[in-house]
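Inspection log for the structure reproduced underneath, given as structure tokens.
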Amino acid sequence: MRALKGVSFELVPGEVHALLGENGAGKSTLIKVITGAHQPDGGTLEVGGVEVPGLSPSRARELGIACIYQQPALFPDLTVAENIGLRLKKPGLFSRVRWAGQRGRAAELLKRIGAEISPDAEVRSLSMPEQQLVEIACALGSGARIVIMDEPTASLTQKEQHLLFAVVRDLRASGVGVVYISHRLEEIFALADRVTVLRDGESVGTNPVNDLTESQMIQLMVGREVSALYPPAEGEPGEVVLSLENVGCSGSGVRGVNLEVRAGEIVGLAGLVGAGRTELARVLFGITPGDEGTMRLLGERVAISDPREAISLGIAYVPEDRRKHGVILEMPIAHNMTMAIHRKLFRGGMLRFGAEESLAVNFIRDLGIKAWGPAAPGGSLSGGNQQKVSVARWLATKPKLLILDEPTQGVDVGAKSEIHRIIRGLAKEGLAVLMISSDLPEVLGMSDRVGVMRGGELVKVMERSEADAATVMAAALGTGGTSGKEAA
Amino acid sequence: MTATRGKFTQIVARHESVLLLVIVFEVVLFSMLGRNFLSESNVSNIFRHSVEIGLLALVMTPVILTGGIDLSVGSLVGLCAVVFGILVKESGMSPLAAGMIAVALGTFGGAMNAGLITRLKLPPLIVTLGTFSLFRGLAEAFTKGSESYSGFSDSFLALGNGSVAGLPTQLWIFFAVAAGVWVLVHRTTLGRSFRAIGYAPEGARYAGIPVERNISLAYVLSGAVAGLAAVILVARLGEARANAGVGYELLAITAVVLGGTSIFGGSGTIAGTLLGYLAVALLNNGLGRIISYKIFDQPVSSVARELSGMLTGLLLLGALAATVLAKSLATRRARAQTSPNPKPQTNP
């Protein structure tokens, strides 16, 4: 799979150029190409009208390209001045440090961007936005002509955002070109001159910001039809399996979630990365237990404080990080499949290899897992087949509620539609399915109902008929018709 | 033909095979150079003098499988030995009752490690390094640094020096513990969970495995067996001293790692640990039997202790290196053999 396909992007001095796109549209890859972290396998890259082949990160720095990431990459134990000094000049092994000069330079740069930060402060003691300002000072000091900002406001308060905006406008006024990445459309309208939208690794157009409306931007981001490849829903959903009233978890930022999932129904959960979907799943599964609201399973009020409890109550969770949480790569797939049912399958704690093997053989056949046998280590399987093993582990628990977290992430197209077929089949058998996915077509194609999360809250729940890409994206971004919280 | 050959390279590449070769080599070498190495009395001495380390290695295996380590067992042997001595000689308790208390004390020591590791989430290396000093320090405090307890009853000393059915008494205990630990590691869900935890502690938790509880059990078992080893050690030496079991933790860890258990957790077998223990035990005994050869103008037997430390280290490094080499050789050969048909195992 190609992350980027023939993207054209142009930045002129003294402009703020916004880069917009869904999760996985190719924004980060494009940034990596521009900063020299990734080598493109086609096309050319010019800086100041001169073609630069084989750009490396250090060459990019020399050319005046600086990138400010969401998580500042500073040395926490050094002072602000030391950090800036290190960034501006690579010290020789035994070269003398000119403390006074270093400090003065840092103070001057911080003043230029209007940051009230002492050059002598330890970076550890600074807040996240202050650290971002230090990063910007570094970029300025190194004489950057191109500054890339990757969601710089993600962790900022309103006031800090305005400070940052002022700095960005200053940069623009001094002739620096700024590439500005953000999911927040209102920022793009407030700040950017032009906007380029990426979709599926392609650029779908560059326009002056004032020529577009919000809804046009969203249309550009999602603009594609849901394919008819998804298996259709059948029958009416049954009884309510999971019911949430104002469920929240202060530790992970999930707040006031109201949701019902019925037997035989697939509820999709859409939202941007960091919207709190995985965090909600972790609350339901007891990994980070909730501390607010009421959770009911088949009408019974439950409080789940531990995955073991969740499992015994009939909840299954196929986690997002397959390699870390879903499948133990070094262990045979048969062992992986029985891991959540030790107490059921192996009464008295003694392993029964025959029972384990026949269970594994059945799952390998039923789910079409490609492996040479039950003893094959999980790591010897392809991503899609590993995912099926992870699903098998949870089906073995005979759950009532199946939570799937990005079930087809990093899975090839063929295995993806097989997994879709399996999920729909499970729903038909009466399982209640809650499916988190950042793949918008998948959410729209698979779900009977679609919930959208933003900032830890479930902001909208729609029937399949009323859900389309634009409304889901608008709710995820928090713009357009969905001004308030309409939890259903 | 290719199938048998593939199987053959697979067997050679297995760590246990390398270790078995090492053991055969040791036996041949020491029976040639040493005096009476293979005599009946020496063979039983080999085991009699090393059973404590074997016991510690057996229960160190589950600990290392979970990705942990227990450095405190040698010191715990010392503490339990001293307490046992005090209970018998100063409180006049029967050796049986005192032995049971020693095992209980070991269990408590293991539980202390377990609590610090699982409740406070401290790294096992640091926790057991701390209790390593603590337990030894307590043992020294109880004996005021120099006192030792001896003069135990003959019936108790028979545990360390007697024989049952032609084998040293304590060897029967060792067999029982080995069988128990083998079943635990290879035939129970608990043993399975040790591996899962060692490979992926978070993954194990997501699968509903009680990670903290199971890790705790591994350390508790390690402590309990340290108590048992202390009683056996006192019975063999006829004396309970604060320095009982010094360095045993390192020999036990050596045996386990030599036996092929990954120090990062997850993979390893009890059979490997037994072979690793055997290799260490043979080396320690064999050097002491070489009387007619000299090294640096001294008979080898008189510097056996010094030499064995060095050679154990070489053995550990050599066996591990040999396994890595054999494995890379096997994969290279397998690749060369199966190149026209690269993935015979995929079977749709």
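The values are calculated or read from the model by the stated rules, or taken from the named source; none is laboratory data. Given the structure is predicted, the values throughout are model-derived calculations rather than measurements. Quick reminder, even Gly has a Cβ in these numbers, built from the backbone with ideal geometry, and neighbours come from all protein chains shown. Protein only, heavy atoms only, side chains kept; ligands, DNA and RNA dropped before computing areas. Shrake-Rupley method; radii C 1.70, N 1.55, O 1.52, S 1.80 Å.
For the reader, a short list of remarks on this structure follows.
- Flag: A:Gly248 does not match the condition of being within 19 Å of A:Met473 (Cα to Cα) and open to solvent by less than 10 Å² (accessible area, probe 1.4 Å).
- Residue pairs meeting the criteria (Cβ under 6 Å; at least 6 apart or on separate chains; first on the phi < 0 side of the Ramachandran plot and outside any helix (DSSP H, G or I), in the stretch B:106-131; second open to solvent by 10 Å² or more (accessible area, probe 1.4 Å) and not charged (D, E, K, R)): B:Leu122/B:Leu116
So that you can scan it fast, the table gives a plain yes or no per residue for (1) touching a Gly at 6+ places or on another chain (Cβ under 7 Å); (2) touching a residue at least 60 places away in the same chain (Cβ under 8 Å); (3) facing another protein chain (nearest Cβ under 10 Å); (4) part of a helix (DSSP H, G or I):
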| site | (1), (2), (3), (4) |
| --- | --- |
| B:Trp172 | no, no, no, yes |
| B:Phe175 | no, no, no, yes |
| B:Gly180 | no, no, no, yes |
| B:Leu184 | yes, yes, yes, yes |
| B:Leu190 | yes, no, yes, yes |
| B:Arg195 | yes, yes, yes, yes |
| B:Gly198 | yes, yes, yes, yes |
| B:Glu202 | no, no, yes, yes |
| B:Arg205 | no, no, yes, yes |
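- Of all the criteria given as (1) open to solvent by less than 20 Å² (accessible area, probe 1.4 Å); (2) more than 22 Å from A:Gly64 (Cα to Cα); (3) at pLDDT below 85, the one not satisfied by A:Gln158 is (1).
- Given (1) open to solvent by less than 10 Å² (accessible area, probe 1.4 Å); (2) modelled with pLDDT of 90 or more, index of the condition A:Ala275 fails: (2)
- A:Ala25 fulfils the conditions (1) of a type in the set (A, V, I, L, M, F, W, C); (2) within 26 Å of A:Ala137 (Cα to Cα); (3) in contact (Cβ under 8 Å) with a residue 60 or more places away in the chain except for a single criterion, (2).
- Test set (1) assigned to a helix (DSSP H, G or I); (2) within 12 Å of chain B (Cβ to nearest Cβ) - A:Ala375 fails condition number: (1)
- The residue that is nearest to A:Glu234 (Cα to Cα), among those in the stretch A:448-460 that are open to solvent by less than 20 Å² (accessible area, probe 1.4 Å) and part of a strand (DSSP E or B), is A:Val450.
- Counting only helices (runs of 4 or more DSSP H) wholly contained in the stretch A:57-133, no element carries 2 or more residues that are in the same structural domain as A:Tyr180 (by TED's automatic domain parsing) and touching a residue at least 60 places away in the same chain (Cβ under 8 Å).
- Residue selected from the stretch A:397-446 under the condition closer than 19 Å to A:Ala270 by Cα, charged (D, E, K, R) and part of a loop (DSSP other than H, G, I, E, B), by the criterion most open to solvent (accessible area, probe 1.4 Å): A:Asp439
- Of the residues making up the stretch A:313-327, those that are at the interface with chain B (Cβ under 8 Å from one of its Cβ atoms) and either open to solvent by 20 Å² or more (accessible area, probe 1.4 Å) or modelled with pLDDT under 90 (or both) number 2.
- Test: residue in the stretch A:330-337 that is in a loop (DSSP other than H, G, I, E, B) and over 20 Å from A:Leu284 (Cα atoms): yes
- Selection status of A:Phe285, within 14 Å of chain B (Cβ to nearest Cβ), open to solvent by less than 20 Å² (accessible area, probe 1.4 Å), in contact with a helix residue (DSSP H, G or I) (Cβ under 9 Å, 6 or more places away or on another chain) and farther than 22 Å from A:Pro407 by Cβ: no
- Hits in the stretch A:1-48 - residues which are modelled with pLDDT under 85, open to solvent by 50 Å² or more (accessible area, probe 1.4 Å) and acidic (Asp, Glu): A:Asp41
- Residue match in the stretch B:152-174 (condition: more than 27 Å from B:Thr61 (Cβ to Cβ) and among the charged types (D, E, K, R)): yes
- Cβ separations smaller than 8 Å between residues 6+ apart or across chains give the following pairs from the stretch A:404-431 residues that are farther than 12 Å from A:Leu367 by Cα and touching a residue at least 24 places away in the same chain (Cβ under 8 Å) to residues that are open to solvent by 40 Å² or more (accessible area, probe 1.4 Å) and assigned to a helix (DSSP H, G or I): A:Thr408/A:Lys416.
- Failed criterion for A:Glu82 (all others in (1) modelled with pLDDT of 85 or more; (2) open to solvent by 60 Å² or more (accessible area, probe 1.4 Å) hold): (2)
- The stretch A:359-372, residues that are more than 12 Å from every other protein chain (Cβ to nearest Cβ) and either of a type outside the set (Val, Ile, Thr) or touching a Cys at 6+ places or on another chain (Cβ under 9 Å) (or both): A:Leu359, A:Ala360, A:Asn362, A:Phe363, A:Asp366, A:Leu367
- Matching option when the condition is of a type in the set (Val, Ile, Thr) and within 30 Å of the chain's Cα centre (by Cα), among A:Val47, A:Val7: A:Val7
- Verdict on A:Arg296 being closer than 23 Å to A:Ala432 by Cα, open to solvent by 20 Å² or more (accessible area, probe 1.4 Å) and facing chain B (nearest Cβ under 10 Å): no
- Considered as a group, the residues in the stretch A:328-358 that are within 7 Å of chain B (Cβ to nearest Cβ) and open to solvent by 10 Å² or more (accessible area, probe 1.4 Å) include one that is farthest from the chain's Cα centre (by Cα), and that residue is A:Met350.
- Residues being more than 16 Å from B:Pro123 (Cα to Cα) and either away from chain A (no Cβ under 14 Å) or β-branched (Val, Ile, Thr) (or both) - total across the stretch B:207-219: 1
- Residues in the stretch B:15-61 that are open to solvent by 70 Å² or more (accessible area, probe 1.4 Å), closer than 20 Å to B:Thr269 by Cα and touching a residue at least 24 places away in the same chain (Cβ under 8 Å): B:Leu20 only.
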